[in-house]
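No lab work stands behind these numbers, since they all come straight from the coordinates. Note that the coordinates shown come from a computational prediction; the quantities given were computed from them, not determined experimentally. When we count neighbours, we look across all protein chains shown, and the Cβ atoms used for this are built from the backbone with ideal geometry, even at glycine.
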Amino acid sequence: MRLRPYNLIDAYKYGHPRQYPEGTSIVFSNLTPRKSRVQGVDSITFFGLQYFLKEYLQHQWRQEFFEEPLDKVLSDWQRRYTSILGQVPFKEDIDRIAQLWEYDNLPLEIRALPEGSQVPMRIPPLVVWNTEPWAYWLTNNIETVMSATLWQPCTSATLAREFYKEFHRGALKTVGNTDFIQWQGHDFSFRGMSSVESAVLSAAAHLLYFTGTDTVPALDFLEDYYFVNSDAILIGGSVPATEHSVMCMGGKETEIDTFRRLLGLYPTGILSVVSDTWDFWKVITETLPQLKEEIMARDGKLVIRPDSGDPADIICGVTSNRFPDLTPGTDIWGKKWSDSEIKGAIECLWDIFGGKVNELGYKELDPHIGLIYGDSINIARARDINGRLEAKGFATTNWVAGIGSYTYQYNTRDTFGWAMKATYGEIGEETREIYKDPKTDDGTKKSAKGLIAAYEEPGGTFSMKDQATWDEVKNCAYVPVFRNGALINPQSLLEIREIAKSFIYEKATV
């Protein structure tokens, strides 16, 4: 899709330059997560800004605006203005576009907290203002595309953080180390996201905390925008795995032969096989016991993947939740529960393949066998599964969560209340501290007032001062990242990962 950066706006932005008071010379704005609608989450992980700067403010403006002939730019701009508003643009509006083209870069300055930072609600992770008086209109002109681009990676990074925190907690409690958890959350979301860009941004955010992903272009994205090389550094990885078409083509009555053939195709390493194409519990109770010798002889791990049903009940068994006294054959809800359904997949695998009881007293499956569940997993279910495994005496690292669009796409800009608002302006020699505070609102939409400075507090969190001075804005936790078309203080993926995870490690030792 070809994008013209001067058209990446809401239509009402066309009229705003003329609507500001005459003599306006500076508009200062911020982007802020105003309210969490996720229980227990009171901060966001900031991520995605560097991509926005490089792709939208540098590449697209350069290629589709500054390097295009002025007459073509003006013709295209006027045509779109007229077609959507039904009127001819004012001459001064045309002149503004020509003036920007002649300036040959975007006269904006953006300062931000480092990507990976844990930013509390109502603290702006970035501020932006124009660097030339005539470009006052440009500050909020980028609001639409900035908001549309950044809310998704910040939201997905924040949700990935919550998974990581839960796996970190469970691993420390039931294993005593966190060596495995970078692989315990695996991104399965690509096909269910709203667009390719949304999928890639979200998957890249997932990779701040985890290294498991099936979203291949996320690796290209991080190499292109975040200074990392997959030949030298582990960005993300996956394993050979089947899908239902493979199992179906193998035949229902010969499913065990498909398993055996796959084990022969992959004699070493991890192999994941979807196992509910027909009868998951038959695979558990009949197929795997028959293949035990071959599985245990492999130099690697066979991972089974149930893909339907209630995830916690499939993994942990129904007795660990609603029916503590349930016995095989009992009729509840018109269903007679089997012994394997009562035990759950992890306990059944333990019965077949064994494992070890670690120093903390929790059972760890033999390393030749494992389980991944990737259908409708969210944070609440991950916590439930971990808690039920712990209660049964099993380590939480016995399973991997396939995290898909059920987690990463069931969100909007309002999940964390993202909004970009102007809070300060200058009109000639006059300064104005501006704000909004609707009486009909619950306080969510109340903005800060005036210039804004942010300060890092002990423990990696941040505080904010509004009605600040320019000196405070330029000497606080905000780091210059963009000025007059230039990228400043770029970050690498490794730096961002370190910042993002340091918060979790600090909390874990408290």
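A few comments on the model shown:
- Sparse-neighbourhood loop sites, chymotrypsin sites (Phe, Trp or Tyr not before Pro) in region 400-504 - DSSP loop, at most 13 other Cβ within 10 angstrom: TYR410
- Legend: calculated FRET efficiency, TYR12 to SER492, from the Cβ-Cβ distance at R0 = 41 Å, rounded to 0.05, equals 0.60.
- Computed extension gain for LYS336 through MET1, at 0.36 nm per residue and net of the alpha carbon distance, reaches 115.2 nm.
- Checking the cross-link pairs LYS165/LYS392; LYS173/LYS465; LYS165/LYS336; LYS54/LYS474; LYS449/LYS501 against a 30 Å limit on the alpha carbon distance flags LYS173/LYS465; LYS165/LYS336; LYS449/LYS501 as lying beyond it.
- Virtual paramagnetic centre 7 Å along Cα→Cβ of SER194, amide N under 16 Å, in region 419-439: 419-420
- Sites listed here are GluC sites (Glu not before Pro) in region 61-102 whose DSSP assignment is loop and whose Cβ has at most 12 other Cβ atoms within 10 Å: GLU67.
- Using θ = phi - 60° in the Karplus curve 6.51 cos²θ - 1.76 cosθ + 1.60, the 3J(HN,Hα) couplings for region 44-49 round to 10, 8, 7, 7, x, 4 Hz; x is entered for Gly and Pro.
- With a Förster radius of 25 Å applied to the C-beta separation of THR254 and ASP299, the computed FRET efficiency comes to 0.45.
- Separation of alpha-carbon centers, region 209-266 and region 37-92, rounded to whole Å: 36
- Residue-span extension gain [SER376 to LYS439] - 0.36 nm each, minus C-alpha spacing: 18.7 nm
- Against the chain, whose longest principal axis is taken from its Cα atoms, helix 255-265 shows a tilt of about 70°.
- Calculated FRET efficiency, VAL357 to VAL38, Cβ-Cβ distance, R0 = 41 Å: about 0.70 to the nearest 0.05.
- Full extension of the chain between LEU265 and ASP279 yields a length gain of 2.7 nm, computed as 0.36 nm times the residue separation minus the alpha carbon distance.
- Within the chain, longest stretch free of exposed trypsin sites (Lys or Arg not before Pro) [DSSP loop, at most 10 other beta carbons within 10 Å]: 3-321
- Largest to smallest principal axis extent of the C-alpha atoms in region 394-448, angstrom: 67, 27, 21
- Whole-Hz couplings from phi, Karplus 6.51/-1.76/1.60, listed for region 132-145; x for Gly and Pro: 10, x, 6, 9, 3, 6, 6, 3, 8, 5, 8, 4, 4, 6
- Distance in nm between pseudo-label sites at SER147 and ASP310 (7 Å out along the Cβ direction from Cα): 4.1
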